[in-house]
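These notes concern the structure reproduced below.
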Amino acid sequence: MDVYQGAVAALVPFFVAELAYTYAAASGIVLAASLLSSVAQPFFGALTDRHPIPWLLPVSTVFGGLGVALSGIGGSYALTLLFVALSGIGVAAYHPESARVARVASKGSHRSMGWFSLGGNVGFALAPLLVTVVIASGGLRWSPLLILPALVGSVLTLPVLRALEKAPRAEGGQGAAEGRDDWVSFVRLSLAVVCRSIAFVGLSTFIAFHAREQTDGTTAAGTAALFVLYLGGAVGTVVGSNLAHRWDRVTVVSMSYLVTVAAVAGVVFVPGPAIYLFVALTSIGLYVPFSLQVTLAQDYLPTRVGTAGGITLGLTVSVGGLTSPVIGTIADATSLRTALMPLIVMPALSWLLFRTLPEPAVPQRLLGDRGEDATLNAVGTSTEHSRL
């Protein structure tokens, strides 16, 4: 599914090249994909809190792929916006239910949730390569071929549905709810994720153009930068889930955001091939928190894990797309480097919001047979730590 979130940004340079869109118009496509997804994901999250809907996994996967596949043959800017918006709805339907299922399967394990998030990040990383191979070969008219990963992915979810039918219904719905919801901490976490999203979506939308300017390269140079941005996310997710077994999640996330400030500054200001190093560091820094923020959100709202997943994976992540037209407008009026400068501030704001958050405990029903080590990691780390 996350192939299609990455595919929208990967398609932007081709829309600019073939259809002569401005930066602002091209970023509007990212906005269209994000807007409906932003509005719809909390709705789907609340729905799955009341009634688990496993069949959403294959259906939403196909829906997300179909919108992207049709976007290149829309024939008009309005139809392109419509199709990527429909893809955004598919993404919105997928994430809350998939996060709920992953939470059940992982029994609250940070490492398992990290592997779950890794799958999505690998999809992000593959998106620029997939789009480049297809669209560079035949132009936007070949975009219907991009439906193929969705068809494969939907088939792969079918064994999961069969396993869920046989498993006892211990999670999802009101009967499984336990614990007290910490809305204050959840709102602060959500604001931090919004700042992270602005930085990541802004870079993913314009990094291909910026890398070409910084290296005097071709379209391939831009595609390489986008690939590095997404691939670094896969690395960061695994690193983050492993670090959370040594330190508490809030400390790991806050440290990562602080380091990312310097990395984003390097992306914006350092010329030449070194930009790829800073793109990789930025991506790792922004993705170390990724799966940890999902489990934190679910532990802050233990009675509303679908809502927590929908907002953390959906609304707050998609909000970054709302700022892309602003960045594009500034770039058209000044320069792309000037437009990207505010992104340096975003991880700093995330760090400020995170540094004094409490570390919640994983609900006991999820610990199951994870043993003493899991209990120490999930509960023992809730003691007060010094923050950066």
How do 341, 346, 255 rank when sorted from fewest to most other Cβ atoms within 10 Å of their own Cβ?
341, 255, 346
What ranking do 352, 203, 340, 161 get, fewest neighbouring Cβ atoms within 10 angstrom at the top?
161, 352, 340, 203
When 245, 51 are arranged by how many other beta-carbons sit within 10 Å of their Cβ, fewest first, they go 51, 245
Expressed as a percent, the portion of alpha-carbon pairs in region 144-285 spaced more than 19 Å apart is 67
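Values quoted throughout were computed directly from the atomic coordinates according to the rules given, and no laboratory measurement underlies them. The structure displayed is predicted, hence computed values, not measured ones. With ideal geometry, Cβ positions are generated from the backbone for all residues, glycine too; neighbour counts draw on all protein chains shown.
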